[in-house]
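Here the structure comes first, spelled out in structure tokens, and everything after it is commentary.
The values are calculated or read from the model by the stated rules, or taken from the named source; none is laboratory data. Because the structure is a prediction, the values reported are computed rather than measured. Here the Cβ positions follow ideal geometry from the backbone for every residue, glycine too, while neighbour counts run over all protein chains shown. We work out accessible area using only protein heavy atoms, side chains counted, and drop any ligands, DNA or RNA first. Shrake-Rupley method; radii C 1.70, N 1.55, O 1.52, S 1.80 Å.
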Amino acid sequence: MVLAGCAGFVSGANTNQNPVAPVITTQPVNQTVITGQAATFSVVASGTAPMSYQWQKNGANISGATSSSYTTPATAAADNGSTFIVVVSNTAGSVASNAATLTVSAGTAAPSITTQPTNQTVTAGQTATFTVAASGTAPLSYQWQKNGANISGATSASYTTPATTSSDSGSTFKVVVSNSAGAATSNSATLTVSPAPVAPTITTQPANQTVTAGQTATFAVTATGTAPLSYQWQKNGANISGATLASYTTPATTTSDNGSTFKVVVSNSAGTATSNAATLTVNTAPVAPTITTQPANQTVTTGQTATFAVTATGTAPLSCQWQKNGANISGATSASYTTPATTTSDSGSTFKVVVSNSAGTATSNSATLTVSPAPVAPTITTQPANQTVTAGQTATFAVTATGTVPLSYQWQKNGANISGATSASYTTPATTTSDSGSTFKAVVTNTAGTATSNSATLTVNPAPVAPTITAQPANQTVTAGQTVTFTVVATGTAPLSYQWQKNGANISGATSASYTTPATTTSDSGSTFKAVVTNTAGTATSNSATLTVNPTPAPAIQVNPTSISFGNVVVGANLSQSLIISNTGNATLSITQINVTGATFSASGFTLPLSVNAGQKTTITVAFLPTAVGAASGNVSILSNAPTSPTSVGLSGSGIAATLTLGINPTSLAFGNVLTGTTSATQNVTITNTGNSSVTISQISVSGAGFTVTGGSTPVTLTPSQNLVLGVQFSPASTGSVAGSISIVSNATGSPATVILSGTGVVQHTVSLSWIASTSTVTGYNVYRSTSNGSGYVKINTSLVSGLTYTDSSVTSGTTYFYVTTAVDSSGNESGFSNQATAVIP
């Protein structure tokens, strides 16, 4: 791309560069052509852009000939001897070229295609016309070809096809132009034949829709035909605004929409099709049930039925479901429900009904059924049966009776009431042979009368009963030296004999229902004891009981750590450590003395005597206060009731001399160039206590115009390894270099410490650039900069500059810059560099 008119840069000093008048560097040359040919004259000129051109023929301006080259129309014999010059101009002046002469000979010029035939697109049934323009010595003859074959009669500069069909699509057309001097063949032009549009056809009609009031309804249609198809839905024959899609959804319907018809008109460029009408049916919205008459409480007598009823309104059909005590009653689905014959167990039952339809559900209140019993005298339904047992066993007699509750029972033995035997069954005490032959009967009574059962006879057979363990010996836990007693309880035919065993072996003389051990030792722990009970009917062995023997409680002492090293401690400084004393025994630990040896060691944090419960611990403090440089040792001795007393803890440490030193990092800060009236970024100075003793900083001060320090409030004490961070900023008020320092006064060696500060106040420089717009159509401009005259340019804009000015704010004092610009078109093509502008930054 030629960058036309990119002159007029403003230098860094804001002075305009003088434009240079045009100079012809290459003159137009004479041309010789044959009649019918064209001739081209060109010129090359230098000077400040933009430059304008005006060609002249025989001294008269040629209209439109304003480029650096000029091509004549097809020449004629009359053009022979004509002269051509060009006047080149810019804002600094003008210059005329030498004259160039045109010689036109009478020779014959072969044809040349000047305008190629172009591609054509038509619809099937239409015609297409292809046209060519050619130069050359007349007469020119033409022969058009379709797909490389001559077309009969197509011998003009244009050719119109017959009515096209879709089979013609893709055919190519070109023309051969010839005269006596030769022939020229045009480019091929392609014919595209689009099919004729097809009118719409409805393939799926909209269907009738049924909805409930408040719902929407959707009607849809499917149509074929040449796209694009347009749709217009109608309601009752009138267009629906905005309903222009293949489907239409109504607003929420009302009953007034019932019976409305909907159809759609489908159109394209070839015609129109109207669908069948679909009918919309809108049903009234159902009303949920409402209970208008609640079921009422009912009271009946046992054996009667009870009827509960409800009245409800709502959209039919209504369905009912009765519930008893919250559970559905099978088949109870009418507006009323009659119970079966009631019993007293029905009394207190609740009845309610759930009424439903398609719109919802309503549940009635609960109605309560009260059933009053009709008293019925007792009737024995199951008589007590005869019983046979062995002496020592019990016998149970039972009766079943009906009648109005409550029923009361009284059992009799041999006709006499048995005290407390007032249940439907009676179990005797353990029987004896004297009970054999006794009779038992029950008298059942209620408010309506009495019924007496048949008598049942008890037969008691004498028989020995083998032993049964009724109470097992229990596990025992004692302390060594104590005794322990194990006991067993057994039943069975007397006499019962006992034999105790220890770990499965009989214990001599241990033949009672209980056994007491000798004084136990810890070796007895884990032993098992059981009893074997025997009579003539058999043997029973008890479960094993386990003996646990715990040792006699005693305290045990444990210290942590077992020795204490204080390491190096500054003379005069007091360093403490904790000593933990734990009681790992099972009796209270009593500490009566804590003695410390070594003059520089001490212990604190306790009161004697000191008691520590089993499993607990206590902590005391041991301190080291060296009074001189050198190693020291000592001991903590703990006297207690522990078997290992006394307990000793070794102490060691070394006294060292105090060092008071501060580390400063960094020792200098350089802020470089900072714009006046602005503040630099913060730089940090870290002050560290590098000694072994606390250092007190009494003063922190700063000198130098524009330097400030934050974070240094004094006085402040730093412990060993502790840091203090200072924040330093530079805010120059004027230009020039500034030197300063931070002074840190403390009790450390080498005080005061100094941090050197430096910075330079500078003024912001800018370069303002402007240029004249390109005469070509461009999207924008790029600006390039270099510090080398005429080379090394680097683009400095991040996006295309749309205007004709640019300000460079990233320049440095004392530097000379060289600028050029380029123009960029919409395709991303970039011109060459413009003339160079210079900016000197003070």
Note to self: Give me the 1.4 Å probe accessible area per residue for the range 687-745, excluding ligands and nucleic acids, in Å².
What the structure shows: 45 Å²
Notebook entry, point to check: Full extension from S721 to T218: what is 0.36 nm times the residue separation minus their Cα-Cα distance, to one decimal in nm?
Noted result: 172.9 nm
Notebook entry, point to check: Can you pull the three principal axis extents for the Cα set of the range 241-331, in Å, largest first?
Noted result: 89, 24, 18
Next item on the list: Quick one: compute the contact order of the chain, relative version, from alpha carbon pairs under 8 angstrom and 6+ residues apart, as a percent.
Entry: 7 percent
Item checked: Separation of alpha-carbon centers, the range 141-184 and the range 397-444, rounded to whole Å -> 134 Å
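Indicate, rounded to the nearest 5 percent, the antiparallel portion of the DSSP beta bridges found entirely in the range 85-192.
Within the range 85-192, antiparallel bridges account for around 90 percent of the total.
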Next item on the list: Obtain the nm distance between the two label points defined at T439 and N684 by a simple spin-label model: each point lies 7 Å from its Cα along the Cα-to-C-beta direction.
Entry: 11.3 nm
Next item on the list: Would you mind getting me the FRET efficiency between S512 and T457? Use the beta-carbon distance for r and R0 = 45 Å, nearest 0.05.
Entry: 0.60
Item checked: For the range 549-641, radius of gyration divided by Kirkwood radius, i.e. Rg to Rh on alpha-carbons -> 1.07
Next item on the list: Output ³J(HN,Hα) for the range 414-429: one whole-Hz value per residue in order, computed from phi by the Karplus curve 6.51 cos²θ - 1.76 cosθ + 1.60 with θ = phi - 60°, and x for Gly and Pro.
Entry: 6, x, 10, 4, 9, 4, x, 8, 10, 10, 5, 9, 9, 10, 6, x
Next item on the list: May I ask you to evaluate 6.51 cos²θ - 1.76 cosθ + 1.60, the Karplus curve with θ = phi - 60°, for each residue of the range 764-773 and list the ³J(HN,Hα) values in order in whole Hz, giving x for glycine and proline?
Entry: 6, 9, 9, 10, 9, 10, 8, 8, 8, 4
Checklist line | Theoretical gain in end-to-end length, A670 to T155 [0.36 nm per residue, Cα-Cα removed] | finding: 176.4 nm
Next item on the list: List, in order, the whole-Hz ³J(HN,Hα) value for each residue of the range 309-325 obtained from phi through the Karplus relation with A = 6.51, B = -1.76, C = 1.60 and θ = phi - 60°; use x for Gly and Pro.
Entry: 9, 9, 10, 9, 10, x, 5, 6, x, 9, 10, 10, 9, 7, 10, 10, 6
Notebook entry, point to check: Stokes-Einstein D for the chain at 4 °C, 1.567 mPa s, Kirkwood Rh over Cα pairs, in µm²/s?
Noted result: 27 µm²/s
Notebook entry, point to check: Quick one: length gained pulling T394 to T779 fully straight, 0.36 nm per residue minus the C-alpha distance?
Noted result: 126.6 nm
Checklist line | Mean accessible surface per residue for the range 347-425, computed with a 1.4 Å probe while every protein chain stays in place, in Å² | finding: 48 Å²
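Where the accessible area of the chain is counted over protein heavy atoms with a 1.4 Å probe, how much of it, in %, is carbon and sulfur?
50 percent
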Check: Based on the Cβ-Cβ distance from V709 to S768, what FRET efficiency comes out when R0 is 41 Å, to the nearest 0.05?
Finding: 0.55
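Report the calculated FRET efficiency for Q116 and S799 (r = Cβ-Cβ distance, R0 = 30 Å), to the nearest 0.05. Walk me through the numbers on the way to the answer.
Numbers: r = 40 Å, r/R0 = 1.32.
Between Q116 and S799 the formula returns 0.15.
Assigning unit charges at the beta carbon (Lys, Arg +1; Asp, Glu -1) and nothing else, what dipole magnitude in debye, to the nearest 20, does the chain show about its Cα centre? Working shown, then result.
On the way: 14 positive and 9 negative charges, 190 e Å.
It works out to roughly 920 debye.
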Item checked: Accessible solvent surface per residue of the range 549-645, calculated while the other protein chains remain in place, 1.4 angstrom probe, Å² -> 51 Å²
Check: Whole-Å semi-axes of the range 26-170's equivalent ellipsoid, largest first, each the root of 5 times a Cα gyration tensor eigenvalue?
Finding: 43, 21, 10
Check: If you build the Cα gyration tensor of the range 252-291 and take the root of 5 times each eigenvalue, what three semi-axes come out, in whole angstrom, biggest first?
Finding: 38, 8, 6
Item checked: Spin-label proximity, V198 to the range 101-142 - amide N less than 20 Å from point 7 Å beyond Cα toward beta carbon -> 122-126
Next item on the list: Please report, to one decimal in angstroms, the Kirkwood hydrodynamic radius of the range 97-238 built from all distinct Cα-Cα pairs.
Entry: 20.1 Å
Note to self: Testing the spin-label approximation: label points 7 Å from Cα along Cα→Cβ at F833 and S94. State their distance in nm.
What the structure shows: 3.3 nm
Next item on the list: Measure off 7 Å from each Cα along the Cα-to-Cβ vector at L575 and I34, then give the distance between these two points in nanometres to one decimal.
Entry: 11.5 nm
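Give me Rg/Rg_expected for the range 707-815, where Rg uses Cα atoms only and Rg_expected = 2.2 N^0.38 Å with N residues. Show your work: numbers first, answer last.
Details: Rg = 25.0 Å, N = 109, 2.2 N^0.38 = 13.1 Å.
Here the Cα radius of gyration is 1.91 times the empirical estimate.
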